[in-house]
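The block underneath contains the structure these notes are about, expressed in structure tokens.
The values are calculated or read from the model by the stated rules, or taken from the named source; none is laboratory data. Note that the coordinates shown come from a computational prediction; the quantities given were computed from them, not determined experimentally. All Cβ positions, glycine included, derive from the backbone under ideal geometry; neighbour counts span all protein chains shown. Areas reflect the complete protein model, heavy atoms only, side chains present, ligands, DNA and RNA absent. Shrake-Rupley method; radii C 1.70, N 1.55, O 1.52, S 1.80 Å.
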2 protein chains.
Amino acid sequence: MTNIQEIAQRAGVSPSTASRALSGRGYVSEEKKQRVLTAAAELDYAPNLNAVSLKTGSTRRIGLVAPRFTEPLSLFTTGLVHSAEENGYTVTLFMTGLNAAKEVEALEALRRKQVDALVFVMFQSDLSLIADYVKYGPIVCWQRVIHEAIPSVFMNQYDGYMLALEHLYERGYRRICNVYGATQRLNTQSRMEAFADFCRKYDLDPLACPSFENRDTARDGEQIVRWWLENGRPADAFACTNDWVASGIIAEARRLGLRVPEDFAVCGFDNLDFAPLLDLTTIHYPVDEQASNAFAIIRSRIEDIELPTHPPRFRLVERLTT
Amino acid sequence: MTNIQEIAQRAGVSPSTASRALSGRGYVSEEKKQRVLTAAAELDYAPNLNAVSLKTGSTRRIGLVAPRFTEPLSLFTTGLVHSAEENGYTVTLFMTGLNAAKEVEALEALRRKQVDALVFVMFQSDLSLIADYVKYGPIVCWQRVIHEAIPSVFMNQYDGYMLALEHLYERGYRRICNVYGATQRLNTQSRMEAFADFCRKYDLDPLACPSFENRDTARDGEQIVRWWLENGRPADAFACTNDWVASGIIAEARRLGLRVPEDFAVCGFDNLDFAPLLDLTTIHYPVDEQASNAFAIIRSRIEDIELPTHPPRFRLVERLTT
DNA sequence: TTACCGTATGACATCGATTTCAGGTCAACC
DNA sequence: GGTTGACCTGAAATCGATGTCATACGGTAA
């Protein structure tokens, strides 16, 4: 438990001077500085960060608030930690399980100065509730959010989805079945707009093939294949909300002896780790870049630095399922 | 920035009394307690956790030290955060990328009292180096470790691997090809022992079929299929170090028109998320239970509580690849 | 010569809590 | 009546750093 006072004593200086020598801020003669440094080394000194945080008011710690940290959030987590550590910050996790009360706990942690800032990945709470806490520190969302106090690193999924649709069109598919995620998400709505525009552009009938909504899992994908068989094979391609649904479709197709892309094409979204295993064509979603942008925004608010954030881009990854 | 002094002032008591009223420790008359509580509510008081940590010497924060937080570590992370939050602890991440210098940074964070304890998931550093830091707080490893100061939540992979081997034997496979991971890991050595014992038990020739070592990725799996084809199909089953390798084998087999399990069986290890998609038979590795045990150990050291930890078990998950 | 600035240093206040200590009241018990 | 102990309270010390302020020295510009 050696503290800065002991260092000062051993070096024969005041604690103020010891602090200056250790931190490099302010004037210290070279001689005393060396004395302090050697004293610190001899006594195996390490500053108590709680004291530093208390005094300076900054913890150099940011909170990541998410329902869980498994796929696809682990990529975001890893990216955020990476950016944070590069800048001498550390990341503390708050797991909500999409429970609003737990989200408030994370916000309270900000208020209690356990962290300097928060990154919200998905949340239930009212935006106005969250906005009440920005007075305690910057809050950034990875989700499209319309609020002047809360920046977001959202990417317009319109662009990404259009990439998928154009690709399918180019490959000759005309009866595209959309498999959307939760309809209340703005992301889903953007994709629907993309599809509408796509149909207009190529003069296709938007209702030629039914769409699915609120589908998220591999199991959903499997069901869709059976639906497809039982309903006269009404589509020649599936544009999926994510790689899980796409994988479910492919897996079930294989089980039933169908061939992809001959019987139908499948395009995923996210480019998850396992996509190459299934040779899945998908839209790469640069999650790590978004994490690093989220951190950049926070940093710019805390340290008042201007940071040019180059916008991440969706990218088509062509494999063998289209 | 309302602090406890303001509360005390508004309630007409001393800070000591306010602290007692708020924390519930020590004697306070019911009347003053109420006065303090209402004052706190009116002024929207929230304690500064840095001050609390400084004074009490405990942060109720533990550090998770891992090379990254993507699969399969995201499950461990999620599990650890879950257990921690249940007990009023929070988890801070330290990403090492298997870099020893970064591991020291995490250890230093413990020394500097940024966290109360550490969980090491995989590491490079010498055990003795890590052991030097246990004087600053408990350290637990998720890895087999032989050191009296550092408990570990390791599971003997001998048992898990034997489960896989017995299953393959039962299904009639006799020419089993082992695909091992890094040979310097004790886990791998345990598996090799399991295989030796297995051969003895059923009177099989351990060298009947060559083994692979230091294989970890899906790409490695793909190569192994080509090797198998080019070398006269010397195995009828693959027992894999993890699901990634197994997936690579399955994916490549499909591309080459081979059939699983008719041409050869494949058994994975870990039971990752995507295993069901490939209908992969695998050994379920209860990662989340291990995380919760890791936390239990830490808690028992910090709070001096006896916690019965029931040992997690490997489990065979039969699907269609064996 | 005076004024001023850069360098150097230590005393002391400060961040915001907790906790010890000493003192005080009041009832119960011997 | 005196002792004991439970209950209650606030002054002050404490955790371990940082930062302000006053003071001082020496050199340079006016």
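Can you tell me the relative contact order of chain B? Whole percent, Cα pairs under 8 Å, sequence separation 6 or more. It would help to have the intermediate numbers written out before the result.
On the way: 553 pairs, mean separation 44.7, N = 322.
14 percent.
How much length, in nm to one decimal, is gained on full extension between B:Arg200 and B:Gln9, taken as 0.36 nm per residue of separation minus their Cα-Cα distance? It would help to have the intermediate numbers written out before the result.
On the way: separation 191, 0.36 × 191 = 68.76 nm, distance 7.93 nm.
Length difference between fully extended and current span is 60.8 nm.
I'd like the accessible area for B:Arg191, computed on protein heavy atoms only with a 1.4 Å probe and all protein chains in place. Round to 10 Å², please.
20
Out of the total accessible area of the stretch A:4-47 (probe 1.4 Å, heavy atoms of protein only), what percent is carbon and sulfur?
Accessible surface attributable to carbon and sulfur in the stretch A:4-47 totals 47 percent.
Within chain A, what percent of beta bridges assigned by DSSP are antiparallel, to the nearest 5? Please report the intermediate quantities before stating the final value.
Values: 3 of 27 bridges.
Around 10 percent of the beta bridges assigned by DSSP in chain A are antiparallel ones.
Using the Kyte-Doolittle scale, which helices in chain A average at least -1.0 and also have C-alpha atoms spread 15 Å or more along the helix axis, with helices defined as whole DSSP H runs?
The answer, listed by residue number, is A:30-43, A:73-86, A:100-111, A:157-170, A:186-202, A:218-230, A:243-255, A:287-303.
Can you tell me which of B:Ala39, B:Ala51, B:Ala66 moves the most in a GNM of chain B? Springs connect C-alpha atoms under 10 Å apart.
With Cα springs under 10 Å in chain B, the top fluctuation among B:Ala39, B:Ala51, B:Ala66 is at B:Ala39.
Rounded to the nearest 100 Å², what's the accessible area chains B and A bury against each other, both chains counted, probe 1.4 Å?
4500
What is the mean number of Cβ atoms from other protein chains located within 10 Å of the Cβ atom of each residue in peptide B:235-247, rounded to a whole number?
Going residue by residue through B:235-247 and averaging, the value is 1.
With +1 assigned to the C-beta of every Lys and Arg and -1 to the C-beta of every Asp and Glu, and no other charges, what is the dipole magnitude of chain B about the Cα centre in debye, to the nearest 20? Write out the running numbers ahead of the final one.
Working: 35 positive and 41 negative charges, 160 e Å.
In total the dipole reaches around 760 debye.
Given bins 20 angstrom wide, list per bin the percent of all Cα-Cα distances in chain A, short to long.
28, 42, 21, 9, 0
Taking Rh as the Kirkwood radius computed over C-alpha pairs, what is the Stokes-Einstein D of the protein assembly as shown at 4 °C in a medium of viscosity 1.567 mPa s, expressed in µm² per second?
Numbers: Rh = 27.7 Å.
Taking Rh from Cα pairs, D becomes 47 µm²/s.
Any idea of the accessible area per residue across the protein assembly as shown, 1.4 Å probe, to the nearest Å²?
Counting only protein heavy atoms, the per-residue value for the protein assembly as shown is 45 Å².
Report Rg/Rh for the stretch A:4-47, rounded to two decimals, where Rg is the Cα radius of gyration and Rh the Kirkwood radius.
With Rg and the Kirkwood Rh in hand, the quotient comes to 0.90.
Report in % the part of the accessible area of the stretch B:157-284 that belongs to carbon and sulfur, leaving out ligands and nucleic acids; probe 1.4 Å.
The computed percentage sits at 45.
Using per-residue counts of other Cβ atoms within 10 Å, averaged over each peptide, order A:88-101, B:13-26 from highest down.
In decreasing order of mean packing, A:88-101, B:13-26 become A:88-101, B:13-26.
With the solvent-accessible surface defined on protein heavy atoms using a 1.4 Å probe, which residues belonging to the stretch B:57-76 display a reduction of at least 50 Å² in accessible area in the multichain context relative to the isolated chain?
Those residues are B:Arg61, B:Thr70.
What number, rounded to the nearest 500 deg cm²/dmol, is the helix-based mean residue ellipticity at 222 nm of chain B, given -39500 (n - 2.57) per DSSP H run of at least four residues and division by all its residues?
Details: 12 runs with 143 residues, N = 322.
After summing the helix terms and dividing by the residues of chain B, the value is -14000 deg cm²/dmol.
Could you size up the charge dipole of the protein assembly as shown around its Cα centre, putting +1 on the beta carbon of Lys and Arg and -1 on that of Asp and Glu, and report it in debye to the nearest 20?
The calculated dipole for the protein assembly as shown is roughly 1460 debye.
What are the residues of the stretch A:94-124 that lose 20 Å² or more of accessible area, with a 1.4 Å probe, going from their chain alone to all protein chains?
Those residues are A:Met95, A:Lys102, A:Arg111, A:Arg112, A:Lys113, A:Gln114.
Could you identify which residue out of A:Val81, A:Val287, A:Val260 has the top mean-square fluctuation in a GNM of chain A using Cα springs shorter than 10 Å?
Among A:Val81, A:Val287, A:Val260, the largest GNM mean-square fluctuation belongs to A:Val260.
For B:Ala101 and B:Leu127 in the same chain, what is the full-extension length gain: residue separation times 0.36 nm, less their Cα-Cα distance, in nm? List each step's numbers first, then the result.
Numbers: separation 26, 0.36 × 26 = 9.36 nm, distance 1.40 nm.
Result: 8.0 nm gained on full extension.
Find the centroid of the Cα atoms in the stretch A:21-36 and in the stretch B:232-260, then give the distance between the two in whole Å.
Going from one Cα centre to the other spans 63 Å.
List the residues whose amide H sits under 5 Å from the amide H of A:Arg315, counting only those 5 or more places along or on another chain, with H placed 1.01 Å from N in the peptide plane.
Placed amide hydrogens put A:His284 under 5 Å from A:Arg315.
For the stretch B:234-322, what is the relative contact order in percent, using Cα pairs closer than 8 Å and at least 6 residues apart in sequence?
On the way: 130 pairs, mean separation 28.0, N = 89.
This gives 32 percent for the stretch B:234-322.
May I ask you to rank B:Ser125, B:Ser58 by accessible area, largest first, using a 1.4 Å probe over the protein chains only?
The ranking, largest first, comes out as B:Ser58, B:Ser125.
Can you give me the long-range amide H partners of B:Thr322? Hydrogens built in the peptide plane at 1.01 Å from N, cutoff under 5 Å, separation of 5 or more residues or another chain.
When sequence neighbours closer than 5 places are left aside, the close amide H contacts are B:Val266, B:Thr281.
Can you tell me the convex hull volume per residue for the stretch A:157-284, based on C-alpha atoms, in Å³ to the nearest whole number?
Hull volume over Cα atoms, normalised by residue count, gives 94 Å³.
Under a GNM of chain A (C-alpha, springs under 10 Å), which listed residue has the highest mean-square fluctuation: A:Ala41, A:Ala109, A:Ala182?
So, out of A:Ala41, A:Ala109, A:Ala182, the one fluctuating most is A:Ala41.
Residue by residue through the stretch B:122-134, which ³J(HN,Hα) values in whole Hz follow from phi under the Karplus form 6.51 cos²θ - 1.76 cosθ + 1.60 (θ = phi - 60°), with glycine and proline marked x?
After applying 6.51 cos²θ - 1.76 cosθ + 1.60, I find 8, 8, 9, 4, 5, 4, 5, 4, 5, 4, 4, 9, 5 Hz.
Whole-Å semi-axes of the stretch A:242-308's equivalent ellipsoid, largest first, each the root of 5 times a Cα gyration tensor eigenvalue? Provide the component values of the computation, followed by the final result.
Numbers: eigenvalues 311, 15, 10 Å².
Square roots of five times the eigenvalues give 39, 9, 7 Å.
Between the alpha-carbon centers of the stretch B:176-200 and the stretch A:81-131, tell me the distance in whole angstrom.
Comparing the Cα centres of the stretch B:176-200 and the stretch A:81-131, I get a distance of 43 Å.
Taking amide H atoms as placed 1.01 Å from N in the peptide plane, list the residues 5 or more away in sequence, or in a different chain, whose amide H sits under 5 Å from that of B:Gly63.
Excluding prolines and chain starts, which carry no amide H, the hits are B:Thr92, B:Asp116, B:Ala117, B:Leu118, B:Val119.
Considering the zone a paramagnetic label at A:His310 would reach in this model (a point 7 Å from Cα along the Cα-to-Cβ line), which residues of the stretch A:248-288 have amide N under 15 Å from it?
Within reach of a label on A:His310, which here means backbone N under 15 Å from a point 7 Å along Cα→Cβ, the stretch A:248-288 contributes A:286.
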